[in-house]
1. What are the extents of the Cα atoms of the chain along their three principal axes, listed from largest to smallest and rounded to whole Å?
2. Under a cut-off of 29 Å between alpha-carbon atoms, report the lysines in cross-link reach of residue 7, not counting same-chain residues fewer than 8 places apart.
3. Pulled fully out, how much extra length does the chain show between residue 2 and residue 65, if you take 0.36 nm times their separation in residues and subtract their Cα-Cα distance?
4. Between residue 38 and residue 23, what length in nm is gained on full extension when 0.36 nm per residue of separation is reduced by their alpha carbon distance?
5. Report the gain in length on full extension from residue 46 to residue 16: 0.36 nm times residue separation, minus Cα-Cα distance, nm rounded to one decimal.
6. What does the helix-only formula give at 222 nm for the chain: each DSSP H stretch with n ≥ 4 adding -39500 (n - 2.57), the total divided by the residues, and the result rounded to the nearest 500 deg cm²/dmol?
7. Note down the magnitude of the dipole of the chain about its Cα centre, charges +1 on Lys and Arg C-beta and -1 on Asp and Glu C-beta and zero elsewhere, to the nearest 20 debye.
8. Would you work out what percent of the accessible area of the chain, with all protein chains in place, is carbon or sulfur (probe 1.4 Å)?
Amino acid sequence: MTNMEKKVMIRLCAKIVADTDLYETDKEVQNLIDWVCLSEQIKENNNRIRNLTGEYKKIAPDCREGVRAQLGA
């Protein structure tokens, strides 16, 4: 799904919530809207985790060498 499609889906969900009572009365609608909103947040969280993991992998060898040097001293 492209970013534009995601934005359209989010806007559509917001409009449904604002203009109707479907969110409160229809469990399937509620689940779909929650899924759309939460899936985007999950993707953002996963990207953040990947970035942090990449940063850690860059500095981890230096940290381990520092620990080894301290233990050997």
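The values are calculated or read from the model by the stated rules, or taken from the named source; none is laboratory data. In this text, all values refer to a predicted model and were calculated from it rather than measured experimentally. Note that each Cβ is placed from the backbone with ideal geometry, even for glycine, and that neighbours are counted across all protein chains shown. Quick note on the areas: whole protein, heavy atoms, side chains included, nothing else; ligands and nucleic acids left out. Shrake-Rupley method; radii C 1.70, N 1.55, O 1.52, S 1.80 Å.
1. Its Cα atoms span 70, 25, 15 Å along the three principal axes.
2. 15, 27, 43
3. The span from residue 2 to residue 65 would gain 18.4 nm if fully extended.
4. 3.9 nm
5. Between residue 46 and residue 16, full extension yields 8.0 nm more.
6. Working: 3 runs with 67 residues, N = 73.
Per the formula, -32000 deg cm²/dmol.
7. Details: 12 positive and 12 negative charges, 124 e Å.
Dipole about the Cα centre, nearest 20: 600 debye.
8. Carbon-and-sulfur percentage of accessible area, whole number: 59.
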